[in-house]
Amino acid sequence: MAFDYGLPAELFIAKRKVGTRPRLISRRFMTAAEAIRFAVEDFPAIRALDPWMKVGNERFDGEDIRRLYEIHNFPLQRRIN
């Protein structure tokens, strides 16, 4: 399946507080590539918060986001650590 990194995307994170229901936080990105790079490079602790991303009508979990980042045709330059 081909993935269109140029589509708009929304990244969701469930923020948990002790004794309360998780609060869902979202952030919109102009492209899925930007959302993926943010999740992997700028906010690596996001993996512990059970993130998911919506692109069009499709939903991608944290592992999907990581795989999309690691694919050889990821369109943005990766940060070298």
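The values are calculated or read from the model by the stated rules, or taken from the named source; none is laboratory data. This structure is a prediction, so every number in the text was calculated from the model and none was measured. All Cβ positions, glycine included, derive from the backbone under ideal geometry; neighbour counts span all protein chains shown.
A few points about this structure:
- Residue tally, condition small (Gly, Ala, Ser) and modelled with pLDDT under 85, over the stretch 12-34: 2
- The stretch 44-61, subset in contact with a Leu (Cβ under 9 Å, 6 or more places away or on another chain) and at pLDDT below 90, residue surrounded by the fewest Cβ atoms within 10 Å (Cβ to Cβ): ILE46
- Cβ-Cβ contacts under 7 Å between residues 6 or more apart (or on different chains), taken from a first residue in the stretch 70-81 that is loosely packed, with under 10 Cβ neighbours inside 10 Å to a second residue that is outside any loop (DSSP other than H, G, I, E, B), are listed as ARG79/GLU41.
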